[in-house]
Number of protein chains: 4
Amino acid sequence: MKHDKLVIGGHEFHSRFILGSGKYNVELIKAAVEQAGAEIITLALRRANSSGEGNILDHIPQGVTLLPNTSGARNAEEAVRIARLARELGCGDFVKIEVIHDSKYLLPDNYETIKATEVLAKEGFVVLPYMYPDLNAARDLANAGASAIMPLAAPIGSNKGLCTRDFIQILVDELDLPIIVDAGIGRPSQACEAMEMGVDAIMANTAIATAGDIPAMAEAFRKAIEAGRAAYLAGLGRIVEKGGEASSPLTGFLQE
Amino acid sequence: MKHDKLVIGGHEFHSRFILGSGKYNVELIKAAVEQAGAEIITLALRRANSSGEGNILDHIPQGVTLLPNTSGARNAEEAVRIARLARELGCGDFVKIEVIHDSKYLLPDNYETIKATEVLAKEGFVVLPYMYPDLNAARDLANAGASAIMPLAAPIGSNKGLCTRDFIQILVDELDLPIIVDAGIGRPSQACEAMEMGVDAIMANTAIATAGDIPAMAEAFRKAIEAGRAAYLAGLGRIVEKGGEASSPLTGFLQE
Amino acid sequence: MKHDKLVIGGHEFHSRFILGSGKYNVELIKAAVEQAGAEIITLALRRANSSGEGNILDHIPQGVTLLPNTSGARNAEEAVRIARLARELGCGDFVKIEVIHDSKYLLPDNYETIKATEVLAKEGFVVLPYMYPDLNAARDLANAGASAIMPLAAPIGSNKGLCTRDFIQILVDELDLPIIVDAGIGRPSQACEAMEMGVDAIMANTAIATAGDIPAMAEAFRKAIEAGRAAYLAGLGRIVEKGGEASSPLTGFLQE
Amino acid sequence: MKHDKLVIGGHEFHSRFILGSGKYNVELIKAAVEQAGAEIITLALRRANSSGEGNILDHIPQGVTLLPNTSGARNAEEAVRIARLARELGCGDFVKIEVIHDSKYLLPDNYETIKATEVLAKEGFVVLPYMYPDLNAARDLANAGASAIMPLAAPIGSNKGLCTRDFIQILVDELDLPIIVDAGIGRPSQACEAMEMGVDAIMANTAIATAGDIPAMAEAFRKAIEAGRAAYLAGLGRIVEKGGEASSPLTGFLQE
């Protein structure tokens, strides 16, 4: 485990937990990042930019990689513009592409996302597209230059868990890119299960922001993600479909 | 979390992971206990007693509470005899009652288990009965003097996970005793989910013994159990059944 | 299918759908029985006995076998008394034993149910005990003289579906008695699934009584139960865990 | 129910079960169609065209609408060519678009499928695209002129069931087109569940072709689909999340 690294766009990370910042009071961000052990935190450009509540950037610990997202973009062109703005504002080269024009389910538009990925990858961005877990789209994103893909587990903010389980497993089995499950993960056990399946990292936001105790929930997610990764690397045991199998010596004791 | 204690029969524990020993090579037990952070370990009497492979007791770290089980008992009377023998052999006052006469599914006989619990509780044992998760039987066990109950998730050794989910939740909601989920838990994520539901502790054996890397899997379970407990205490966020909910500010960015 | 019979206590039935009557307006019972194609209908003794709303027996079509239940009994003795009363009132020899003393989840007490079964079977009743799906209790019920067993899918009236799936499958695999899934089935698809597993019949009440259109839902259940039975007899196809398998000739078409 | 019609491209159907033909021995097709009560049957063009095993068209009963598919097409252009050929061969105006270039999971390429749909709809075809259940793609297909959409439940031929449940529900809630669940449905209960969710029709092939008794399984599917439709129209009852609810009068009987 000590040498187990997540590599995205040539950058090495030891944490496999990417923290969202979209729903937090700025005062809570530092505690959440610390308890989560997060090395990457997403950031909506509006928050990086706003003056109202104090610049959120002041609350992010040193050494944490920013992952600005293109939240608010409804097509590839808007996503590209937001990404460029983020770089100009000093947010670095990483960008999470979000293209959404469905305000009820907030589902990503894979097609526009592929177009934006292609443009931004050519401009030297480390591109992490948020996507609907469709194998064909995932391959197109890989070909367009994505450094990782971020398939959804369930609609953003729903806390419904791994509704796309079977199709995320296909992505894990078929793609060579890091797979980061993003959106819909509502409980540490769900993050753990995704990691057991071989996913490379988890991004969570609402599950933590809507918990009763935010730093405690951030720590719970950290441990669950580490547990799932360790279990995946250790090799899960087999399942017995029918019947049981004694785990203690059962017979003959009293006959002796 | 620091002051979060599990109290069984007046004894305090900080770990909520009870490790089985039935399937291990004795050399691996010490590593597994340490990685699991376990303070309680189960033990089949035959193993405590046997001379063939070296006394298993020599391999259990100091300070760990032994939980001898009555594995091999087919009725209350046999369980009582095995429990008394274990105490005579110096295994202490804790006993896990297992009464099984079905060799295919290894399901516990609740009725005989209640009878044995009643006898042994009166003799001063700290009785932890392994049981089929039936609310009526659980109440009878509580009345018979059980110090905790150990409902099964799935058949022993199956690694099938929380097949009794809805009925374990009822036990959590209705009983005042500690609930320790025992048997069938196959993955850290399943242990985590049970803890999120409010279960007090997890017992695992086969899931770890059949893993590729036993100490690593023991550690994965430890973290997952801690994560589930922390999430339960922190208060899980709400689930949105229909639609999504933006976790980043979505609208208006580009209009400004 | 034409010769596929359900035999309970020496009586032959062609329908595998047992209808509850507990929640219906009496006017609806006749329509529900007809649309359900039911040959057996349960009846709470109070309703057979009451004068307030018109005797429910007047609304049950000719030729339908009554299955009085012991609803209201809190122990074996009360169940036996109610069963005898039902026979005296002319309800026949069939009796469904229900012993419940938990008013929140309404879960059956297997132990008291076994005792009542033993007494009533000896008195010549055709005994169908409602039970919590525990293999050991099921064997005891068979030994006590039950003509069929009625394991629950979920708490009565919950419409939650097959929460006990894995344990009902064990009963199907291990017992020689007819298995009638009773309580908790909320949708025709759930009844169909239980039948596909090899269950012999389904009892439903709340799912139909709480539907928008009661006779239509009764018919939907009838068809779903017939479909599940037919699929079980026809032999279900295999599942492919990984990947897909072409169902049309895929390759080479355009090359020719 | 009598007046409940499925309308696709202006054509009215009473059956909601579309039968695949790809895996059958030609001798079995007639029996399967009759037992299924199918009014639409899919057909791979190669089979319509082949001379080897006897023309499959000779085995399809009068009055059944043919739905030729573009099986074998790897992009929009090939799909368009196959569709035109099918019309020239006398297969009529209906066409099911299948564009697949992933030979392991056989997942449809939504993007190429949208392009082919647009071309063929303009040429007067009644276009039914097979698709990955992505809301954005479904809207694009509607805009491109599709007469219905055919989202997959699971990979073709897998019999794994409703793996895409949550996302098919979104399509049902958001689109005005008929939704026909196609691919992956392995059991009548799964077809029934999809219909209960509000889906308009089911297409099945492998589940029936791999059953032990093909005509019997075709009939089982027919009934299950009718049951699910009836339940949807009748209005499903509510689910009680916690606790049960008496379906018979419980208290006081013995006190009187």
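Hey, does segment C:152-161 have a residue that's away from chain D (no Cβ under 14 Å), in contact (Cβ under 8 Å) with a residue 24 or more places away in the chain and open to solvent by less than 10 Å² (accessible area, probe 1.4 Å)?
No; the residues of segment C:152-161 include none that is away from chain D (no Cβ under 14 Å), in contact (Cβ under 8 Å) with a residue 24 or more places away in the chain and open to solvent by less than 10 Å² (accessible area, probe 1.4 Å).
So which residues in segment D:86-97 are farther than 22 Å from D:Gln62 by Cα and either modelled with pLDDT under 95 or surrounded by fewer than 15 Cβ atoms within 10 Å (Cβ to Cβ) (or both)? If you could, list the steps in order and put the result at the bottom.
Taking segment D:86-97 first, the residues farther than 22 Å from D:Gln62 by Cα are D:97.
If the condition is that a residue be farther than 22 Å from D:Gln62 by Cα and either modelled with pLDDT under 95 or surrounded by fewer than 15 Cβ atoms within 10 Å (Cβ to Cβ) (or both), then no residue fits.
So A:Lys242 ticks every box in (1) modelled with pLDDT under 90; (2) in a loop (DSSP other than H, G, I, E, B); (3) facing chain B (nearest Cβ under 8 Å) but one. Which box is left unticked?
Every listed condition holds for A:Lys242 apart from (3).
If I filter segment C:12-59 down to residues being open to solvent by 40 Å² or more (accessible area, probe 1.4 Å) and part of a loop (DSSP other than H, G, I, E, B), which single residue comes out as modelled with the highest pLDDT?
C:His14
Sort out which residues of segment D:178-211 are over 16 Å from D:His14 (Cα atoms), without any contact (Cβ under 8 Å) to a residue 60 or more places away in the chain and β-branched (Val, Ile, Thr), and write them in order of number.
Correct list: D:Val181, D:Ile185.
State the number of residues belonging to segment B:129-172 that are among the hydrophobic types (A, V, I, L, M, F, W, C) and either outside any loop (DSSP other than H, G, I, E, B) or closer than 15 Å to B:Lys115 by Cβ (or both).
Applying the first criterion (among the hydrophobic types (A, V, I, L, M, F, W, C)) to segment B:129-172 yields B:131, B:135, B:137-138, B:141-142, B:144, B:146, B:148-150, B:152-154, B:156, B:162-163, B:167-168, B:170-172.
This time we only want the ones that are either outside any loop (DSSP other than H, G, I, E, B) or closer than 15 Å to B:Lys115 by Cβ (or both), so: B:131, B:135, B:137-138, B:141-142, B:144, B:146, B:149-150, B:167-168, B:170-172.
The qualifying residues number 15.
Within segment C:212-233, take every residue that is without any contact (Cβ under 8 Å) to a residue 40 or more places away in the chain and open to solvent by less than 10 Å² (accessible area, probe 1.4 Å) and give me the one that is farthest from the other protein chains (Cβ to nearest Cβ).
Going residue by residue through segment C:212-233, those that are without any contact (Cβ under 8 Å) to a residue 40 or more places away in the chain are C:212-213, C:217, C:220, C:223-224, C:227-228, C:231-232.
This time we only want the ones that are open to solvent by less than 10 Å² (accessible area, probe 1.4 Å), so: C:217, C:220, C:224, C:227-228, C:231.
On the way: C:Met217: 4, C:Ala220: 4, C:Ala224: 4, C:Ala227: 4, C:Gly228: 6, C:Ala231: 4 Å.
Ranking the candidates gives C:Gly228 first.
Return the residues of segment A:168-181 that are open to solvent by 10 Å² or more (accessible area, probe 1.4 Å) and not β-branched (Val, Ile, Thr); say none if nothing qualifies.
Once the filter is applied, which keeps residues that are open to solvent by 10 Å² or more (accessible area, probe 1.4 Å) and not β-branched (Val, Ile, Thr), segment A:168-181 yields A:Gln169, A:Asp173, A:Glu174, A:Leu175, A:Asp176, A:Leu177, A:Pro178.
Step by step: first the residues of segment B:115-128, then only those that are surrounded by fewer than 24 Cβ atoms within 10 Å (Cβ to Cβ) and assigned to a loop (DSSP other than H, G, I, E, B), then the one that is farthest from the chain's Cα centre (by Cα). Which residue is that?
Only one residue tops the list, namely B:Glu123.
All but one of (1) among the hydrophobic types (A, V, I, L, M, F, W, C); (2) closer than 30 Å to A:Ile168 by Cβ; (3) over 14 Å from the mean Cα position of the chain (by Cα); (4) more than 8 Å from chain D (Cβ to nearest Cβ) hold for C:Leu236; which doesn't?
(4)
Taking C:Glu112 as meeting all but one of (1) open to solvent by less than 40 Å² (accessible area, probe 1.4 Å); (2) under 27 Å from B:Asp173 (Cα atoms); (3) part of a loop (DSSP other than H, G, I, E, B), write down the number of the exception.
If we test C:Glu112 against (1) open to solvent by less than 40 Å² (accessible area, probe 1.4 Å); (2) under 27 Å from B:Asp173 (Cα atoms); (3) part of a loop (DSSP other than H, G, I, E, B), just (3) comes out false.
Name every residue in segment D:197-208 that is under 16 Å from D:Lys160 (Cβ atoms) and either open to solvent by 20 Å² or more (accessible area, probe 1.4 Å) or assigned to a helix (DSSP H, G or I) (or both), in order of residue number. Steps first, answer last, please.
Initial filter on segment D:197-208 (under 16 Å from D:Lys160 (Cβ atoms)): D:202-208.
Those that are under 16 Å from D:Lys160 (Cβ atoms) and either open to solvent by 20 Å² or more (accessible area, probe 1.4 Å) or assigned to a helix (DSSP H, G or I) (or both): D:Thr206, D:Ala207, D:Ile208.
Being away from chain C (no Cβ under 11 Å) and more than 20 Å from the chain's Cα centre (by Cα) is the filter here; which residues of segment D:65-85 pass it? Give the steps one after another, and end with the answer.
Initial filter on segment D:65-85 (away from chain C (no Cβ under 11 Å)): D:65-67, D:76, D:80, D:83-84.
Within segment D:65-85, D:Ala76, D:Val80, D:Arg84 qualify.
Name the residue, out of B:Leu135, B:Leu171, B:Leu107, that is facing chain A (nearest Cβ under 10 Å) and over 29 Å from A:Gly198 (Cα atoms). It would help to see each step written out before you state the result.
On the way: B:Leu135 fails: facing chain A (nearest Cβ under 10 Å); B:Leu171 fails: facing chain A (nearest Cβ under 10 Å).
Criteria check complete, one pass: B:Leu107.
Report the residue count in segment C:188-210 for those that are at pLDDT 95 or above and at the interface with chain D (Cβ under 9 Å from one of its Cβ atoms).
Residues meeting the conditions: 9.
Restricting to segment A:98-109, and then to whatever is in contact (Cβ under 8 Å) with a residue 24 or more places away in the chain and open to solvent by 10 Å² or more (accessible area, probe 1.4 Å), can you tell me which residue is nearest to the chain's Cα centre (by Cα)?
My answer is A:Glu98.
The values are calculated or read from the model by the stated rules, or taken from the named source; none is laboratory data. None of the values given here were measured: they were computed from a predicted structure. As a convention, Cβ positions derive from the backbone with ideal geometry for all residues, glycine included, and neighbour counts pool all protein chains shown. Note: accessible area is taken over every heavy atom of the protein model, side chains too, but ligands, DNA and RNA are not part of it. Shrake-Rupley method; radii C 1.70, N 1.55, O 1.52, S 1.80 Å.
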